[in-house]
Amino acid sequence: MTDPIIFEGAQVILPDRIAEVSVRIEGGLITALDGPRDGARVINAAGMLLAPALVDIHGDAFERQIMPRPGVTLPLEAAFLETDRQLAANGIGTAYHALTLSWEPGLRSVETGWQVHDVLNRLSPRLTVENRLQLRWETFCVEAIPLIDAALQGPLTPSVAFNDHTSMALLHPSVALQDRPFDFSPDFPVTDLDSPTFAAKMAERAKRSHMSVADYVDLIRTVWQRRPQVRDWVDEVAAKGNAGGAPMLSHDDTQTTIRRHYRDLGARISEFPMNRRTAEFAREGGDAIVLGAPNAARGGSHLGSIGAGDMIRAGLCDVLASDYYYPSLLNAVARLRADHVGPLESLWPLVSGNSAKASGLRDRGEIAPGLRADLVLVEWPEGQLPVIRQTWVGGRCAYSAIPQG
């Protein structure tokens, strides 16, 4: 990590342009552009693209390493060693794992959250990229607050995301999910918890939680009785996040009232706003807007929400997140470029520099002297999909793949 290295011959994504310049790294940092060799080891990157490593603001694909099939769990240590390899192979130098902290038992329980927190802390010296946590807190889950406290005091500051999937689950079917009212509205339209339709809707959640559907419905009915206390718990967690310097996000915003509420609490990131008016309100307030990279890579949302490509064209998206599929970050950039949404130098910040800035990580996300040497070498033949050939994190080579030919 201390020996100087120079990348030569690559097309380099700089903050304002793409140009063929040499990039020198030393001591974990980028130290010069077109600087002297001075005995540095030279990497011939001719024909390649050299870009800032990706920064994933929200990814929960790690859950498939923990539970590859519904109800089938594997040891956490093995799951995160494999997840780390996948991150490096996909060019992700910094990842925020969207760790759901819910009142549900099983995969998304507080108990599992503690185990993930402890395993990641223990594994940190063995991991190739920077694995952080996004504390994806279900607002009805008061039991998670001690874990949030502990994580905020750890060596790598997590982010805090406010999720209310409880209200979303109980939303009356006459109201579209994209039009969900303000979570704390006194006349929030609630479905019939005794209907067969609601039971069928809860079947997948029940399986994930190792529960019968009937028991799961009884549990969510009990949890719903906590609603009068939730607003105070949200205020408490927001205060803790602000005190700990954590970036904070609100998830699946559907109303300007929701975005305003969380903005006022210090959550300046709107994560996956579900309609255009809410995204426009976030933009007017100077909030960062996060959309899903799978949405951009596929050309539309699997939930029927707003399309990422159209939002990027309209200036209503700052960050793309891998969400549930790590390769989607690079694939999204490729799709957006092919669709002429913008030039590559304006698209790459969606998966790197903008993600870093929104997360308060000012030491990465661009190729400039003085910043951390988090870099990717990308092979991108004309008219074909790009592929990551090397990933460098803090001046270390975290991943390298040489094609068979």
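Observations, loosely collected:
- Candidate cross-link partners of K240 among the lysines, defined by an alpha-carbon separation under 23 Å and a same-chain spacing of 8 or more, comprise K357.
- Over all projection directions, the Cα-based convex hull of the chain averages an area of 19.7 nm².
- Under the span-like rule (Cα at least 24 Å along the axis, Kyte-Doolittle mean at least -1.0), DSSP H helices of the chain: 227-243
- Of interest is the spacing of the C-alpha centroids, which for the stretch 182-212 and the stretch 66-113 amounts to 24 Å.
- Potential lengthening of the chain between A314 and H210 amounts to 33.1 nm, from the contour at 0.36 nm per residue minus the alpha-carbon distance.
- In this structure, the amide hydrogen of L133, modeled 1.01 Å from its nitrogen in the peptide plane, lies closer than 5 angstrom to those of H97, S159, counting only residues at least 5 positions away or on a different chain.
- Given R0 = 35 Å, the distance between the Cβ atoms of R231 and L156 translates into a calculated FRET efficiency of 0.75.
- When DSSP beta bridges are restricted to pairs lying wholly in the chain, around 40% turn out antiparallel.
- Summing charges over neighbours of F182, with a neighbour being any other residue whose Cβ is under 15 Å away from its Cβ, gives 0 when K and R count +1 and D and E count -1.
- Between G244, G292, G383, the GNM of the chain built on Cα springs shorter than 10 angstrom shows G383 fluctuating the most.
- Among H340, H210, H251, sorting on how many other beta-carbon atoms sit within 10 Å of each Cβ, with the fewest leading, yields H340, H210, H251.
- Relative contact order, percent, the stretch 54-363 [alpha-carbon distance under 8 Å, six or more residues apart]: 17
- T2 paired with L123, simple spin-label distance in nm, labels 7 Å along Cα-to-beta-carbon: 3.0
- Most to least packed among 54-66, 277-289 [average Cβ atoms within 10 Å]: 54-66, 277-289
- Hull volume in cubic angstrom per residue (convex hull over the Cα atoms of the stretch 257-405): 132
- The Rg/Rh ratio for the stretch 20-173, using Cα coordinates for both the radius of gyration and the Kirkwood hydrodynamic radius, is 1.09.
- Projected label points at L29 and S400, each 7 Å from Cα along the beta carbon direction, are separated by 2.5 nanometres.
- Working from label points 7 Å from Cα in the Cα-to-Cβ sense, the T191 to L385 distance is 3.4 nm.
- Formal net charge of residues neighbouring D194 (Cβ-Cβ distance under 12 Å; K, R +1; D, E -1): -1
- Taking the fewest neighbouring Cβ atoms within 10 Å as the starting point, the ordered list for L177, L76 is L177, L76.
- You can think of it this way: the chain between A78 and A203 has 42.2 nm of extra reach, that is 0.36 nm per residue less the Cα-Cα gap.
Read-outs throughout are calculated quantities, based only on the coordinates presented, and are distinct from any laboratory measurement. None of the values given here were measured: they were computed from a predicted structure. FYI the Cβ positions are ideal-geometry reconstructions off the backbone, even for glycines, and counts take in every protein chain you see.
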